[in-house]
Structure formats: C-alpha cells, structure tokens
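Q: Could you have a look at this structure, given as structure tokens, before my questions?
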Amino acid sequence: MGKRFNNPKNILIVRLGAMGDVIHVIPAVKNVRREFPSAHIAWLVEDKLDDLIEGLPEIDEVIVFPRRQWQKYLKSPRNYFRALSSMRLFVKKLRKRKYDIALDFHGNAKSGLLAYLSGARLRVGFSRGYCKEFNFLFTNIRIRPRQKRMHRIDKYLSLLDGLGIQAYYHKPVFSIPDADRLYIDDFLCHNHLDQKSLAIIHPGTSMFGKYKRWPAENYARLADVLTKKFQYSVVFTWGASEYNLVEKILSFMQYQATIACETSSVKQLITLLQRARLFIGGDTGPTHIASCLGIPTIAIFGPKDPAVYAPYGRNALVVRKDIPCSPCEKRECDHVACIHSVTPEDVVEAVRDIEKFKLEKKFDFLNTA
C-alpha cells in the first residue's frame, strides 16, 4: 500500500507495552519512516515507557496512554467522574491529529479500540488467530503472518505488508541527552569501573513475569566466576521492586560486585548498557535492549519459546534446557523446572563461547560507546 496509499500525512503506531515488545516494534517503525519520510509519525504507548519512545529519531510525537493514572482514579468511586473526564479529553486529543493510518502492533482489545477511536481511515492489524481478544474487529486491513511460530520482530515487520512495504530489519538507534550520559559516567567514575571489563547482569523481571526469574544463588555463583576467571567487573542493574533481589544476590557472593545507580528513565538504562562488554539477563526488557545495542548478550530462558521471544541478532546466545513441558504460555507454574534446570555452569559455558566469538570476530558489534 506504499503504492496504493500515497503520502500519508499522519501515521499512528500503537504498541502500548511491554518493554521487550516495544523494542521489537522499532525495526518496523524504521521501515515506516524510510517509506514515508515526510509523514508525521506518532506512537501511542503506556506512561511507563514514554521516555523510551522519546529517544527514537523516527518518532515525531509520543502520545501517552495514562493507564496508571486511570487505574488510580478507578480504585475510588469518588474519582469516577474525574476518570471519565480524563478519558474524554484523551480521546479528543487522539482524534485531533486526524490520522490517515493506524498500525496496531499490540493486537488486543484495548489497542484495537484505541486505534478505532483515533479515527484513522486505515487501521492495519493482524488477522483472526494472530491477535487476541477479538482485536481484528477494530481493523479494516488484516494481515496474516507467514506462520504461527515466528520471532516477534519478524511478525511485526509482516504487518507492513498492509502498507505494501517490503520491510527489512534495521537496528534501533536511540538519541540520548548529554545529562543522562554524564549521570552514567559519574557513576562509573565514582565506582572506579572500567568499561573495557564491565559485565552487566540484570536478574529481575517485572512482577508480572516473576516466574521467569533465575534463582538468586545461581546469579551469585555466576557473578563470582565472571569476576575470578574472566576478570570482569560485575554490575547488577535493577528496576522497581528489584533492589532487594540484587542485595540478596550480593549476600551470596564471595567476590565484590557493584549495584548500579538508580536509572530513573529508560534512556539512562540504555546509556549504562552501552558501556557494557557483556550482558546477562533473563527473558526481560533490558535483555532485548542490550542485544539490539549490539552488546554480547546471554539470555537465560525458561518457559518462553526462544524462537519467538529470544534476543534478535548474531550477538546474542540463549541458554535453556529442553524439558517436556517447555516452552509453554503459562502465566504461573508450581515448579518452573525449565528455569531452575539451567545451571551456572551452563551460563559460564555460554560466556566462554562469547569470549571465543570475540576473538574470532564473529559478532557484529554495534556498541561504540
């Protein structure tokens, strides 16, 4: 439809969250910008990820979906009127731009409704069976991906078939303010951390994905090996409600490691990750950020299917165990044997492979910080 729909003035991207999926949509957005260089491209995203989108040079406007604010209002009947008023003003602002195209990468009822309320004449989404919660009812161009089991990045790129765009993978690039760079540089300098030997470990996940966490004792044993045998300076990054987890890991360690400074924005986290020479984490947003930045990345996987959710690119290795019940799509599990069966020795072996690949120059390094 790049040929059938010439020169759209306003395009709306709809991907509300989560961090990993937002990262996976960026290559598709880069293709949209390449195809329509003069269009005004806005991205509708939840309030906790708006600063990530602000760092993308392809995006002209970030529209914040105030989920947390509305949830707060709806907890008390006294605030119902305030919630309704806020919703009305939000929809009014959304429709004001008069979008020609809305691309719904999220694919659930909420995103479909928001795309519909935007007033976009052309609403592109996934066909029935490839979206959730009857999302297809809100779209008027429906794309059927080539197969069910495919990486999220490839699935999101396939949505551009609805615009007639022959899409290719492009590595994300982020614009980082000088203030954020200085903040991270000060942290590294204060803790006498050398970028050339910096290994970052992110042991946490969102509370929603807590079942995907690798045990604290395993991270401690791994960090000790990184310090003793590979001479890395280990830094643990953390997010909301994860600081105690990092403290617990350090209490199990024999060698010294550093707790990262608080990163009050995703831009600060990106800046810190850019300094690393190795990143290790679970199936979580920071792992996908590190991988897309070109940092040698090791992802510890449990229940999720790496063919769909693994970090994308030659610079990433996945460590997992083949067990009968994995992969699965469960949100809860009584045993999580898949993640607990991965040992520190398994991850150390992946680190050895990373070091070997570095020497043989088999990685496409993007990290130029």
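The values are calculated or read from the model by the stated rules, or taken from the named source; none is laboratory data. Since this is a predicted model, take the numbers as computed values, not measurements. All Cβ positions, glycine included, derive from the backbone under ideal geometry; neighbour counts span all protein chains shown.
Here's the yes/no breakdown for (1) at pLDDT 95 or above; (2) closer than 30 Å to residue 294 by Cβ:
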residue: 110; (1), (2): yes, no
residue: 131; (1), (2): yes, no
residue: 140; (1), (2): yes, no
residue: 147; (1), (2): no, yes
residue: 153; (1), (2): yes, yes
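Q: Hey, another quick one. All but one of (1) touching a helix residue (DSSP H, G or I) at 6+ places or on another chain (Cβ under 8 Å); (2) free of Cβ contacts under 8 Å to residues at least 60 places away in the same chain; (3) not in a helix (DSSP H, G or I) hold for residue 137; state the number of the condition that does not hold.
A: (3)
Q: Here's a follow-up. Please state which of the following conditions residue 57 fails to meet, knowing it meets all the rest: (1) surrounded by 18 or more Cβ atoms within 10 Å (Cβ to Cβ); (2) in contact with a Ser or Thr (Cβ under 7 Å, 6 or more places away or on another chain).
A: That leaves (1) as the condition not met.
Q: Here's another thing I want to ask about it. Would you pick out the residues in the range 278-293 that are within 25 Å of residue 339 (Cα to Cα) and outside any strand (DSSP E or B)?
A: Selection gives 283, 284, 285, 286, 287, 288, 289, 290, 291, 292.
Q: Would you pick out the residues in the range 178-198 that are modelled with pLDDT of 95 or more and part of a loop (DSSP other than H, G, I, E, B)?
A: Residues satisfying the conditions are 191, 192, 193.
Q: For the range 324-355, which residues satisfy the criterion of being part of a helix (DSSP H, G or I) and of a type outside the set (Asp, Glu)?
A: Correct list: 337, 338, 339, 340, 344, 347, 348, 350, 351, 352, 354.
Q: Let me ask something else. Checking residue 227 against (1) touching a residue at least 24 places away in the same chain (Cβ under 8 Å); (2) in a loop (DSSP other than H, G, I, E, B); (3) surrounded by fewer than 20 Cβ atoms within 10 Å (Cβ to Cβ); (4) of a type outside the set (A, V, I, L, M, F, W, C), only one condition comes out false. Which one?
A: Evaluating residue 227 over (1) touching a residue at least 24 places away in the same chain (Cβ under 8 Å); (2) in a loop (DSSP other than H, G, I, E, B); (3) surrounded by fewer than 20 Cβ atoms within 10 Å (Cβ to Cβ); (4) of a type outside the set (A, V, I, L, M, F, W, C) leaves (2) as the failure.
Q: Check 14, 29, 45 and return the single one that is crowded, with 23+ Cβ neighbours inside 10 Å, closer than 23 Å to residue 110 by Cα and touching a residue at least 40 places away in the same chain (Cβ under 8 Å).
A: 14
Q: When you look at residue 302, is it buried (at least 22 other Cβ atoms within 10 Å of the Cβ), assigned by TED's automatic domain parsing to the domain that holds residue 243 and either modelled with pLDDT of 95 or more or not in a loop (DSSP other than H, G, I, E, B) (or both), yes or no?
A: No.
Q: While we're looking at this one, here's another question. Restrict the check to the range 34-42 and report whether at least one residue is surrounded by 18 or more Cβ atoms within 10 Å (Cβ to Cβ), among the polar types (S, T, N, Q) and either more than 19 Å from the chain's Cα centre (by Cα) or at pLDDT 95 or above (or both).
A: No, every residue in the range 34-42 fails to be surrounded by 18 or more Cβ atoms within 10 Å (Cβ to Cβ), among the polar types (S, T, N, Q) and either more than 19 Å from the chain's Cα centre (by Cα) or at pLDDT 95 or above (or both).
Q: Among (1) modelled with pLDDT under 95; (2) part of a loop (DSSP other than H, G, I, E, B), which single condition is residue 161 missing?
A: Just one mismatch for residue 161, condition (2).
Q: A further question on this structure: Which pairs do you get when a residue that is over 24 Å from residue 358 (Cα atoms), found in the range 258-276, comes within reach of a residue that is among the aromatic types (Phe, Trp, Tyr) and in a loop (DSSP other than H, G, I, E, B), reach meaning Cβ atoms under 8 angstrom, with the pair 6+ apart or on two chains?
A: Going by the 8 Å Cβ cut-off, the qualifying pairs are 259/238; 260/238; 267/174.
Q: Go over the candidates 267, 321, 248 one by one and state the one that is in the same structural domain as residue 345 (by TED's automatic domain parsing), surrounded by fewer than 18 Cβ atoms within 10 Å (Cβ to Cβ), outside any loop (DSSP other than H, G, I, E, B) and of a type outside the set (Phe, Trp, Tyr).
A: 248 is the lone residue from the list that is in the same structural domain as residue 345 (by TED's automatic domain parsing), surrounded by fewer than 18 Cβ atoms within 10 Å (Cβ to Cβ), outside any loop (DSSP other than H, G, I, E, B) and of a type outside the set (Phe, Trp, Tyr).
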